[in-house]
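A short reminder: the numbers here are calculations on the coordinates, not readings from a lab. Owing to the predicted nature of the structure, the values given are computational and were not obtained by experimental measurement. Cβ: placed from backbone, ideal geometry, glycine included. Neighbour counts: every protein chain shown.
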Amino acid sequence: MRLIIFGPPGAGKGTQAQKIQNTYHIPHLSTGDLFRSAIKNQTELGKKVKSLLDEGELVPDDLVVDLIKEELGQPKYEEGYILDGFPRTVPQAKSFDEYLATREAELDALLELSVPEDELIQRVLSRDEGRSDDTRDKIQHRLSVYHENTKPVKAYYKDRGLVHTINGVGSIEEIFDRIREVLNTL
Ligand code: AMP
């Protein structure tokens, strides 16, 4: 199964992607986690992207796409995966389609977590992960980047019937049950 978990910052993508990984045995691949670990390890990539992550700006498409292709080339992703934080722009989605075509693979679903904006802000401000971009002004900016650059990705997949919108309000288990209902129909 090849899946995308989609939604604004604070929607619970990482949490639910972990649960999907554990239940369906497909690896969770988060581009944000890859970038944060590159920054922590002070790699060349980390040095390039640090200020962008700090400011809540997007990393350039070509860099993200190259990284994803390299990562997905590993054998552990052969049977499927759940992408978290990618694609985040329509050009990224198009490049991803081209990549899938070269591998004769298809996307099964985009799972969108829907959460009201005031709750998103509360969740981000109350999570305690030490992220430099989880401050009040940075979250506002990341939400506006989401609306402008990332939301159109959903329309890109919608016509193909791949979009499943899930109510992202409730307990972690309640939300996961809703996801399971969708995944069990695929
Ligand atoms: P996330 O952990 O998904 O919230 O991502 C944290 C940050 O990593 C974002 O604010 C961007 O700076 C960067 N990032 C992660 N994924 C992408 C992507 N697909 N395209 C561009 N930038 C990304």
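Brief remarks on what is shown
- Residues of the stretch 95-122 satisfying the condition of being within 13 Å of the ligand (Cβ to nearest atom) and in a helix (DSSP H, G or I): S95, F96, L120
- Subset of the stretch 24-33 that is part of a loop (DSSP other than H, G, I, E, B) and not β-branched (V, I, T) - its residue that is farthest from the ligand (Cβ to nearest atom): H25
- Counting the residues of the stretch 1-15 that are part of a helix (DSSP H, G or I) and either in contact with an Asp or Glu (Cβ under 7 Å, 6 or more places away or on another chain) or more than 13 Å from the ligand (Cβ to nearest atom) (or both) gives 2.
- Residues located in the stretch 34-61, provided they are assigned to a helix (DSSP H, G or I), within 23 Å of D137 (Cβ to Cβ) and not β-branched (V, I, T): F35, R36, K50, S51, L52, L53, D54, E55
- Extreme residue, farthest from D33 (Cα to Cα), among residues of the stretch 123-153 that are away from the ligand (no atom under 14 Å from the Cβ) and either assigned to a helix (DSSP H, G or I) or of a type in the set (S, T, N, Q) (or both): R136
- So Q21, is it polar (S, T, N, Q), over 24 Å from R160 (Cα atoms), free of Cβ contacts under 8 Å to residues at least 60 places away in the same chain and more than 10 Å from the ligand (Cβ to nearest atom): no
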